[in-house]
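Take a look at the structure below.
The values are calculated or read from the model by the stated rules, or taken from the named source; none is laboratory data. None of the values given here were measured: they were computed from a predicted structure. Positions of Cβ are backbone-derived with ideal geometry, glycine not excepted, and every protein chain shown enters the neighbour counts. Each accessible area value is taken on the protein alone, full model and side chains, heavy atoms only, with ligands, DNA and RNA left out. Shrake-Rupley method; radii C 1.70, N 1.55, O 1.52, S 1.80 Å.
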Amino acid sequence: MTARSSFVGRVRASAALSFLALAGVLYCQSAWPAVHLTQDEMSRLLKVVDKHGSYTTIPADVALVLQLTPAQHTPDIKEAAYEDDKGNRHGFAPLKDGSGFFLFSASPSRRQVVFVLDSEQRLLHAARNLQSNGPMIALPSQEAEQELDEELRRWSKVLSPEGPSMPPRTTPSRGVTTPSTGAPVQAQPYPFKKTAPDKP
C-alpha cells in the first residue's frame, strides 16, 4: 500500500465516522422528547397562565441546580398550578425571556421534582429533593426524562377535551406573592375543560 492510498483510506474512515456521529445526534434530537404537549394543549395552557396565573419566585437553590439565569426567572414568573385528587401539586410557567418552561411537581410530604425545558419542550435540567425541605439534587438524564414524561402526560390528560369536566382544585406554589404588595395570592379556578351545557 502506498503512502497516498493509506492517507486516502484514513480520510475516508474519518469521514465515515463523522457521518455516523452526526446521524446519531440527529436521530437523538428527532426522537426526543418522547412525550410533549401538542400545539393546541400548549396554546391552551399558556392562555391559562396569562389569564389566571399567579406570580411566584423560584428559590435560589432551585434556580442554581437548574442552571437558570436571572433573565429567565427574576424577579418572578407567572405560573398555572393545580392540585390533583391525590393531593399532589403541579405547576407550569414560561420562563421570562421566552427561552423555555419551568415545571414542578410536589407531593403532600413536600417532596418536589423540578424541570426546566427549552422552547421545544426538550429537557435541559431536572432535580428533586429526597426529604421535606431538603436540598435539591440534580437527576440523572434517564431518570429525569422518565419523570418528565409522566409529568407531561398528567398535564396532557388535564388539558385534553376528554379530561375531567370539573377542573382540579388550583393552588399556588410555595412562595407565591403579588409583586406590588407581597401578599399571598389566592388560587383561582381556571377552565382546563368547560363542562358542556345540559341539553334541553
Ser105, sole failed condition from (1) part of a loop (DSSP other than H, G, I, E, B); (2) among the hydroxyl-bearing types (Ser, Thr, Tyr); (3) crowded, with 20+ Cβ neighbours inside 10 Å: (1)
Every pair of residues 6+ apart whose Cβ atoms lie under 8 Å, when the first sits in the stretch 66-89 and is free of Cβ contacts under 8 Å to residues at least 60 places away in the same chain and within 18 Å of Arg128 (Cβ to Cβ) while the second is open to solvent by less than 60 Å² (accessible area, probe 1.4 Å) and of a type in the set (Gly, Ala, Ser): Gly87/Ser107; Asn88/Ser105; Asn88/Ala106; Asn88/Ser107
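Please enumerate the residues belonging to the stretch 119-145 that are within 12 Å of the chain's Cα centre (by Cα) and either exposed (fewer than 13 other Cβ atoms within 10 Å of the Cβ) or small (Gly, Ala, Ser) (or both). Walk me through it before giving the result.
Our first condition is that a residue be within 12 Å of the chain's Cα centre (by Cα); within the stretch 119-145, this holds for 119-127, 144-145.
Ser119, Glu120, Ala126, Ala127, Ala144 - these are the residues of the stretch 119-145 that are within 12 Å of the chain's Cα centre (by Cα) and either exposed (fewer than 13 other Cβ atoms within 10 Å of the Cβ) or small (Gly, Ala, Ser) (or both).
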If Leu130 satisfies every condition in (1) outside any helix (DSSP H, G or I); (2) in contact with a helix residue (DSSP H, G or I) (Cβ under 7 Å, 6 or more places away or on another chain) but one, which is the exception? (2)
